[in-house]
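Here is the structure we will look at.
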Amino acid sequence: MASTPEELKLQVGSGLLSFPVTDFAPDLSFDRDGYAARLDWLGGYGAAALFAAGGTGEMFSLTPGEYPAIVETAVQVCRGRTPIIAGVGYGTRLAVEMAAAAEAAGADGLLVLPQYLITAEQEGLFRHIKAICDAVKIGVIVYNRDNCLFAAETVARLAEACPNLIGYKDGSGDIERMVRVRRRLGDRVVYVGGLPTAEVYAEAYDAMGVTTYSSAVFNFIPETALTFYAALRRGDGETVGRLLTDFFLPYIAIRDEAKGYAVSIVKAGARLVGRDAGPVRPPLLDLNPDQLDRLGTLIRSLGAGSANAA
């Protein structure tokens with residue numbers, strides 16, 4: 001049985017989150033068996049929740065026919081171990097259809113990614129999110145980023161109108177906006193850090209009362225991701241600083257060499273530790289051989305290549 005919204009809210013705030021990549025075969029079709037094996041592996045590391053068909057799961061490249069199977073596979077594999085939060089997006093009507101499909105597949109909650117293409121007024125964003133919340137009984141988290149930026153007043157209105165709105169994930173890096181939302185909403189919602197390579201921003205967000213974030217590198221070095229998170233939570237600045245200097249900042253340097261690499265580099269990391277998820281789908285590009293070599297060197301410098309893939 002899926003978590004209640006309040007149960008999911010508490011669970012999300014209790015530990016590290018991540019969003020598994022979606023496995024594709026060489027012909028770019030969905031590889032269900034590979035995805036199931038991936039979720040089984042990652043589910044054993046004790047993440048507070050996993051996002052199925054999220055941004056790093058290439059939700060934007062999935063077909064309507066593939067989407068329910070991906071969410072259903074994640075739920076079946078992780079049932080009883082790890083809550084599954086399904087990504088939804090695009091226009092309101094399609095997002096509502098995806099939300100209903102995710103709930104029917106057994107998802108514990110939804111993450112609403114930015115709407116397709118357009119920037120909307122706050123009233124439009126309110127109506128968009130409310131329609132999604134009204135369509136399901138499971139918990140809903142909004143994702144503040146790109147062309148979907150919520151004013152604190154809009155989030156407050158949504159929290160009042162939608163009992164199943166449980167979370168606010170920030171991917172904008174706008175500290176003033178984050179403080180305004182946090183001060184206006186208090187503990188009504190759980191707050192999630194959602195910037196690419198969120199570890200780099202984790203100390204600043206932790207200081208604002210954001211107890212969790214979604215880790216991309218959990219996909220290929222889960223033990224290191226958990227080590228960093230544990231160090232952050234206990235105030236071990238030495239470990240946090242060492243991992244930022246030795247791994248995360250050089251990792252970001254590779255990530256920033258091409259557009260879309262925030263997703264591609266994660267699939268590359270999975271491949272390098274023996275957990276190949278196949279290629280990314282166009283218009284994304286895979287890393288080139290030189291970038292793969294440099295990423296492999298970084299992973300090996302952690303002593304993590306074999307330990308994290310076990």
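Points to keep in mind about this one:
- Candidates in segment 158-177 are the residues that are in a helix (DSSP H, G or I) and not acidic (Asp, Glu); of these, the one that is nearest to Ala204 (Cα to Cα) is Ile175.
- In the set (1) in a helix (DSSP H, G or I); (2) of a type outside the set (Gly, Ala, Ser); (3) more than 20 Å from Gly171 (Cβ to Cβ), Tyr45 fails one condition alone, (1).
- Residue match in segment 55-69 (condition: assigned to a helix (DSSP H, G or I), under 22 Å from Ala262 (Cα atoms), within 19 Å of the chain's Cα centre (by Cα) and in contact (Cβ under 8 Å) with a residue 60 or more places away in the chain): yes
- Sole residue being buried (at least 18 other Cβ atoms within 10 Å of the Cβ) and either in a helix (DSSP H, G or I) or free of Cβ contacts under 8 Å to residues at least 60 places away in the same chain (or both), chosen from Tyr229, Tyr213: Tyr229
- Scope segment 257-274; condition more than 14 Å from Leu285 (Cβ to Cβ), open to solvent by 60 Å² or more (accessible area, probe 1.4 Å) and not small (Gly, Ala, Ser); matching residues: Arg271, Leu272
- The set of residues in segment 177-232 that are β-branched (Val, Ile, Thr) and farther than 18 Å from Gln11 by Cβ comprises Val179, Val181, Thr197, Val200, Val217, Ile221, Thr224, Thr227.
- Taking the criterion of being closer than 21 Å to Lys9 by Cα and of a type outside the set (D, E, K, R), the residues of segment 77-94 that qualify are Cys78, Gly80, Thr82, Pro83, Ile84, Ile85, Ala86, Gly87, Val88, Gly89.
- Residue selected from segment 86-97 under the condition open to solvent by less than 20 Å² (accessible area, probe 1.4 Å) and among the hydrophobic types (A, V, I, L, M, F, W, C), by the criterion farthest from Gly54 (Cα to Cα): Ala95
- Asn219, sole failed condition from (1) open to solvent by less than 30 Å² (accessible area, probe 1.4 Å); (2) polar (S, T, N, Q); (3) over 20 Å from the mean Cα position of the chain (by Cα): (3)
- Pairs where the first residue, in segment 251-266, is free of Cβ contacts under 8 Å to residues at least 24 places away in the same chain and over 10 Å from Leu295 (Cβ atoms) and the second is surrounded by fewer than 21 Cβ atoms within 10 Å (Cβ to Cβ) and of a type in the set (A, V, I, L, M, F, W, C), C-beta under 6 Å, 6+ apart: Ser264/Leu284
- Within segment 53-105, tally of residues that are among the basic types (Lys, Arg) and over 22 Å from Ser3 (Cβ atoms): 1
- Conditions (1) in contact with a helix residue (DSSP H, G or I) (Cβ under 9 Å, 6 or more places away or on another chain); (2) open to solvent by 40 Å² or more (accessible area, probe 1.4 Å); (3) closer than 23 Å to Pro83 by Cβ; (4) not acidic (Asp, Glu): number failed by Cys133: (2)
- Subset of segment 201-210 (residues that are open to solvent by 20 Å² or more (accessible area, probe 1.4 Å), of a type outside the set (Gly, Ala, Ser) and in a loop (DSSP other than H, G, I, E, B)): Met208
- The residue that is most open to solvent (accessible area, probe 1.4 Å), counting only those in segment 190-200 that are out of contact with any strand residue (DSSP E or B) (no Cβ under 6 Å at 6 or more places or on another chain) and of a type outside the set (A, V, I, L, M, F, W, C), is Pro196.
- Screening Leu42 against (1) open to solvent by less than 10 Å² (accessible area, probe 1.4 Å); (2) in contact with a Gly (Cβ under 8 Å, 6 or more places away or on another chain); (3) aliphatic (A, V, I, L, M) leaves a single unmet condition, (2).
- In segment 21-42, residue nearest to Gly171 (Cα to Cα) [restricted to those that are part of a helix (DSSP H, G or I) and of a type in the set (D, E, K, R)]: Arg38
- Filter result for Leu94 (assigned to a strand (DSSP E or B) and not basic (Lys, Arg)): no
- Only a single criterion out of (1) open to solvent by 10 Å² or more (accessible area, probe 1.4 Å); (2) closer than 30 Å to Asp23 by Cβ; (3) not small (Gly, Ala, Ser) is not satisfied by Phe248, namely (1).
The values are calculated or read from the model by the stated rules, or taken from the named source; none is laboratory data. Remember, it's a predicted structure, so these values are computed and weren't measured experimentally. Quick reminder, even Gly has a Cβ in these numbers, built from the backbone with ideal geometry, and neighbours come from all protein chains shown. Heads up: the accessible areas ignore ligands, DNA and RNA and are worked out on the full protein's heavy atoms, side chains in. Shrake-Rupley method; radii C 1.70, N 1.55, O 1.52, S 1.80 Å.
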